[in-house]
Amino acid sequence: MAETINMPKLGFDMAEGMLVRWVKQVGETINKGDVLAEIETDKATVEVESSASGVVLQHIVDQGSVVPVNAPIAIVGQEGEKVDVPSVDSGKKKEEIAADEKPPQTPPTPAPVSQAVPSAETSSAANSQSSVVKASPLAKKIARDNNINLASIQGSGPGGRVVKKDVEAALSSGQPSAVSRSMPQPVYQVNVTQEDTTVQTTKLRQAIGRRLVESKQTIPHFYVTHEYKMGALMDMRKQANAYLPDDEKLSVNDFILKAVALTLRQFPNLNATIKGNEIIQFGHVNVSVAVTVPGGLMTVVVKDADIKPLRQISAEVKTMAARARDGKVKPEDVDGSTFSTSNLGMYDVEDFVAIINPPEAAILAISSAREVPVVEGGELKAGWRMKATISVDHRVSDGAEAAQFMQKLAEFLENPVRMLV
């Protein structure tokens, strides 16, 4: 029996997605799990897998159409099978939406950068142009990673949009105008022009801005900072990693996620959300991790982190973060978070605060573990220290509870063997 494939929902706030490209055409055989199409969401360009095996009988929407979540996009069934195509809005072209939204009195915006192929073959030039050429986030990432000038590539996507396959084709062909191999410029030549540059924000950046403005304007934040002794944890991590292969080594963040999840079990009021006059304390402890991706950041979610071993937490974070950076995130990677963490430790950050990720009640900002001068027992010595700051919704909790949470977290971080027993 024929099966209808719908627009997936990636994240609780996703309302629609743009069908960028059909990977399987009408009449082609497809197996369950094969990639049927590519869609662009607020977060990334992702591949849609078929949930059925058979033959692609019908494309219900066209490439370039913006389609609501859960709306049918294709039908898969047996060859020759007669099907009733659902009566739906076939989706509006992105260009049409942009035209509708444009104020009639607004003059056309001039192109910020000439379309001519530049003579300067530098990575900085390629990156600058990739930000104004119409291209998918994944195509931009591949171009940036391989020092490719997007302006020299003919896009095959809707409206001449450069997509992943176009960049890969340029790479495989060794197209000299597209692939730059020159030496990088000296740093003192970075600002070679004083002209302003206009960069179009990505849908992901727009979504981040929309949600976090809402968070700061509607959620009354307060902050509590605590400094942790990290010497024992750093020693344990070193010992554990001595027995693990390179691709399975534990990070400091893996230990922190586990410690946060165990602590949240004792503070259900911070593993919660507020709806009207009710506070809903979640039964599961699902801790999300902010991951930097092209054009912004996403949060991937470790489900039931309080009951998973460290190695499993580490493996799941590595796998989901890789999918997020490659634009292949799955709905289950980003759904269901009950508490968020943001770690800037790898950037040698001493301290920072984070904005609550709605609808959650709190978020933990984690800074670098650093070896600094400390005073212990009246003696000055070197010691590992790390600062972390929790941001809390004051409608849900108060300063005393947040401070107690940070103290309890210290019991795990400063005595990491407790996470193993």
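The values are calculated or read from the model by the stated rules, or taken from the named source; none is laboratory data. Since we're looking at a predicted model, the values are computed, not measured. Glycine also receives a Cβ, built like all others from the backbone with ideal geometry; neighbour counts cover every protein chain displayed. Only protein heavy atoms, including side chains, enter the accessible area calculation; ligands, DNA and RNA are left aside. Shrake-Rupley method; radii C 1.70, N 1.55, O 1.52, S 1.80 Å.
Report whether or not residue 326 is open to solvent by less than 30 Å² (accessible area, probe 1.4 Å) and farther than 27 Å from residue 222 by Cβ.
It is false that residue 326 is open to solvent by less than 30 Å² (accessible area, probe 1.4 Å) and farther than 27 Å from residue 222 by Cβ.
Are any of the residues in the stretch 244-258 β-branched (Val, Ile, Thr) and free of Cβ contacts under 8 Å to residues at least 24 places away in the same chain?
No - not one qualifying residue is present in the stretch 244-258.
Assess whether residue 319 counts as being over 15 Å from residue 254 (Cβ atoms) and either open to solvent by less than 70 Å² (accessible area, probe 1.4 Å) or modelled with pLDDT under 95 (or both).
Answer is no for this residue.
Of all residues being open to solvent by less than 40 Å² (accessible area, probe 1.4 Å) and either part of a helix (DSSP H, G or I) or touching a helix residue (DSSP H, G or I) at 6+ places or on another chain (Cβ under 6 Å) (or both) in the stretch 165-179, which is modelled with the lowest pLDDT? Just the residue, please.
My answer is 178.
For residue 337, state whether it is assigned to a loop (DSSP other than H, G, I, E, B) and either in contact (Cβ under 8 Å) with a residue 12 or more places away in the chain or within 23 Å of residue 209 (Cβ to Cβ) (or both).
Yes, satisfied.
Go through the stretch 388-409 and give me each residue that's open to solvent by less than 10 Å² (accessible area, probe 1.4 Å) and either part of a helix (DSSP H, G or I) or at positive phi (or both).
Result: 402, 405, 406, 409.
Among the candidates 317, 289, which residue alone is assigned to a helix (DSSP H, G or I), hydrophobic (A, V, I, L, M, F, W, C) and under 20 Å from residue 409 (Cβ atoms)?
None of the others qualify; the one that does is 317.
Condition check: farther than 16 Å from residue 228 by Cβ and in contact with a strand residue (DSSP E or B) (Cβ under 9 Å, 6 or more places away or on another chain). Does residue 344 satisfy that?
No; evaluated as a whole, the condition is false for this residue.
If a residue must be open to solvent by less than 70 Å² (accessible area, probe 1.4 Å) and charged (D, E, K, R), how many such residues does the stretch 273-316 contain?
5
Anything in the stretch 236-272 that is part of a loop (DSSP other than H, G, I, E, B) and surrounded by fewer than 24 Cβ atoms within 10 Å (Cβ to Cβ)? List them, or say none.
242, 243, 244, 245, 249, 250, 251, 265, 266, 267
Which ones in the stretch 135-156 are outside any loop (DSSP other than H, G, I, E, B) and either of a type in the set (D, E, K, R) or open to solvent by 40 Å² or more (accessible area, probe 1.4 Å) (or both)?
140, 141, 144, 145
How about the stretch 363-385: which of its residues are charged (D, E, K, R), under 20 Å from residue 352 (Cβ atoms) and open to solvent by 70 Å² or more (accessible area, probe 1.4 Å)?
370, 371
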